[in-house]
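Only one structure is covered here, and it is reproduced in the block below.
The values are calculated or read from the model by the stated rules, or taken from the named source; none is laboratory data. Quick caveat: nothing in here was measured; it's all calculated off a predicted structure. Counting neighbours? That spans all protein chains shown, and the Cβs are built from the backbone with ideal geometry, glycine included.
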Amino acid sequence: MAQFGFRMSLPPVVKNLLIANVVVFLAQFVFAKQGYPLEPYLALQPLGSGEFRIWQLVSHMFMHGGIAHILFNMLGLWMFGSVLENHWGAKRFFQFYMICGLAAGVAHLLFSNGSAIGASGAIMGIFAAFAYLFPETPLYLYFIPIPIKAKWAMPGLILIDVFSAISPRMDDNVAHWAHIGGALAGIVLVLIWNKTNRKTFY
């Protein structure tokens, strides 16, 4: 998705999140093959469905709907989450990731009626924070042949979700409100942390 000049590494929280997501994805496949799909229990179910459970606000973040879904999310987690964890440290990054994922789940419950799975809400929070902290970073998006600065690329992705949420297509199965909720939580957290501890950012 992107290329930039930071030294890429695999810090501990990102590494463990990657492992957890892959393990759960494999478990989805194995249990489904045995006739016991995990989605009714671990996916985020609508509030009025009678199937909602409080743990689904967390468990849905580690489930995915296919290879492309998990690959895109894990690529974003590795590329941009690694930068943020190296910048903030493990504890703060983990707090950030979980809060963004929870906010994404709450936004989906409030504004959507379907079930939801995926780490995309937390990843959108990462995108928002990265754009705020490193706005001048040139990103090479796979569908655009020229570099675009993070301060333009990331808000562009969020705006696409906003327009798609307001005017959804009949065949659209993307949890746009979850994306929006995660992105908003990400930028709010960065603004609060930047205001209360300016030495944390540069």
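Annotations
- Failed item in (1) of a type in the set (A, V, I, L, M); (2) within 27 Å of P147 (Cβ to Cβ); (3) touching a residue at least 60 places away in the same chain (Cβ under 8 Å); (4) surrounded by 21 or more Cβ atoms within 10 Å (Cβ to Cβ), with M79 passing the rest: (4)
- Considering residues of the stretch 93-105 that are touching a residue at least 24 places away in the same chain (Cβ under 8 Å) and surrounded by fewer than 23 Cβ atoms within 10 Å (Cβ to Cβ) only, the residue farthest from G118 (Cα to Cα): F94
- Residue, nearest to K151 (Cα to Cα), within the stretch 82-125, restricted to residues that are of a type in the set (S, T, Y) and more than 13 Å from the chain's Cα centre (by Cα): S82
- Subset of the stretch 95-114 (residues that are in contact with a helix residue (DSSP H, G or I) (Cβ under 7 Å, 6 or more places away or on another chain) and over 18 Å from S82 (Cα atoms)): L102, A103, A104, G105, V106, A107, H108, L109, F111, S112
- Residue that is more than 29 Å from T196 (Cβ to Cβ), of a type in the set (A, V, I, L, M, F, W, C) and surrounded by fewer than 21 Cβ atoms within 10 Å (Cβ to Cβ), where the choices are A165, A175: A165
- Only a single criterion out of (1) part of a helix (DSSP H, G or I); (2) under 18 Å from G125 (Cβ atoms) is not satisfied by H64, namely (1).
- Of residues in the stretch 19-41 being over 16 Å from G66 (Cβ atoms) and without any contact (Cβ under 8 Å) to a residue 24 or more places away in the chain, the one nearest to the chain's Cα centre (by Cα): I19
- Filtering the stretch 138-146 for residues that are modelled with pLDDT of 85 or more, more than 20 Å from G89 (Cα to Cα) and surrounded by 15 or more Cβ atoms within 10 Å (Cβ to Cβ) leaves an empty set.
- The stretch 11-52 - residue that is touching a Phe, Trp or Tyr at 6+ places or on another chain (Cβ under 7 Å) and either of a type in the set (D, E, K, R) or part of a loop (DSSP other than H, G, I, E, B) (or both) and, of those, surrounded by the fewest Cβ atoms within 10 Å (Cβ to Cβ): P37
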